[in-house]
1. Using alpha carbons only, how many angstrom separate the centre of the range 275-307 from the centre of the range 1-49?
2. If one takes the longest principal axis of the Cα atoms in the chain, at what angle in degrees, from 0 to 90 and to the nearest 10, does the Cα axis of helix 144-171 lie?
3. What ranking do 335, 402 get, fewest neighbouring Cβ atoms within 10 angstrom at the top?
4. Consider a paramagnetic label point 7 Å from the Cα of residue 242 along Cα→Cβ; state which residues of the range 369-387 have an amide N under 18 Å from it.
5. With a point put 7 Å past each Cα toward its Cβ, work out how far residue 399 is from residue 202 in nm, to one decimal.
6. Taking a cut-off of 18 Å between Cα atoms, list the aspartates and glutamates near residue 240, but don't count ones fewer than 8 places away on the same chain.
7. Counting only C-alpha contacts under 8 Å and six or more residues apart, can you give the relative contact order of the range 9-422 as a whole percent?
8. Give the longest segment of the chain that steers clear of trypsin sites (Lys or Arg not before Pro) in DSSP loops with at most 10 neighbouring Cβ atoms within 10 Å, not counting the sites themselves.
Amino acid sequence: MGKRPRLSFGQIWNMSFGFMGIQFGFALQNGNASRILLTFGADVHNLSWFWLVAPITGMIVQPIIGYMSDKTWNRLGRRRPYFLVGAILTSIALILMPNAPHLASFIAPMFIGGGLLMILDASINISMEPFRALVADKLPEAQHTLGFSVQTLLIGIGAVVGSWLPYMLGNWFGVSKEAAGSGLVADNVTYSFYFGAFVLISTILWTIFTTSEYPPDELVKTADVEEKPKKFFIPAIMLKLLLVQFFSWFALFSMWVYTTPAVALKFYGTTDPNSVSFQEAGDWVGILFGVYNGVSAIIALSLPVIAKRLSKKLTHALALSIGGVSLLSFLVFTDPQFLLIPMIGIGIAWGSILAMPYAMLANSIPPKRMGVYMGLFNMSITIPQIVSGVFSGLILKYFFADNPILCLVMAGVSMFLGAISALFIKEKSV
């Protein structure tokens, strides 16, 4: 069995560059979907139900795309055809999402918005899943942590700009922050989605044109893991990672859904999604989300160094603990400006969540089935989001007295449980 050659930093950068565009679009969705759906008439208690479409479509789409990409080989390669198709569909969904009211002749805009959210997330997943598999396809095991850390760096860059764009357009470039009428999306948000569509497809094309792939036979010959073609098995480390992932992504989903209404209520004194104060809260949440993504980009390239000294599982447990403290601290602050502080800790946790689990898993997976295993592992992301989506609205109503800031506290506790779970992982020695 041969050994897969090490790649230069530039080659690793190019093959993950499209992930920056994907995350640009994903950040626009995460930072603005709650605001858009509330503007369209969704009730805050039902908000998590609309967000359910994202993990449900991801749970269905990613294993299928992973399986299909494992079996694919054509002029574009193995993973790159799915990058392209996903990018085209995602760009269309980004353009249509803020225009849902203009498409509503017989159906309420919030249901069209929910449907477009589903299409948007399904399309993002078509592109996103093969990017994870591509790192494991192309890099030797010794470079897996670096490869996924570069992805985290690019994810952070894309997410910062995507999260901040509505604020920048509204405050720096004079684009209107108010909607033309009740139930419509403000211009600064609408134009941000248009620009996101352009960035996403441009960066995906960059990766497609600058990155080659190994043919199937060569992929197996240079693998670090011996192929077992006739027997499907679940690596032990994947099973232990499931619990860590559950608590981590339960926390993230709660944060994405409830930060905007929580900040609007506690710091801006409003629950009216059509008010100027609520829109200002939404813009500020975009800035906050950009900060945590920016921090994840900054610490991304330090993760391989830290993991080498502490081990991957200890690095991940420490990062999740910092994220838990940061989410709990939302209770303490009284000025929204100071929320920049916990975003630093959340960024550290986010950077680790995007890299460490995949780095721990990648060298335990048969190379010919990398796509389907990565797709199945995605269920460790989608299932906790579904659980949160089903129950968090009920918890908000019946246990938290309609105070969404307590949903962020619940997220912090969940992050701590993820950190504890990480300590029980037994890493494969290299």
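1. Spelled out, the Cα-based centre of one part sits 13 Å from the other.
2. Roughly 20 degrees, rounded to the nearest 10.
3. Ordered by Cβ neighbours within 10 Å, fewest first: 335, 402.
4. 372-387
5. Going from the residue 399 label point to the residue 202 one covers 4.5 nm.
6. The reachable aspartates and glutamates, counting only those whose Cα sits under 18 Å from residue 240, are 427.
7. 30 percent
8. Details: sites that count: 75, 230, 231, 426.
Longest run free of exposed loop sites: 232-425.
Here, each number is a calculation from the coordinates, and none is a lab measurement. Since the model is a prediction, treat every value here as computed from it, not as a measurement. Cβ atoms come from the backbone with ideal geometry, glycine included; neighbour counts cover every protein chain shown.
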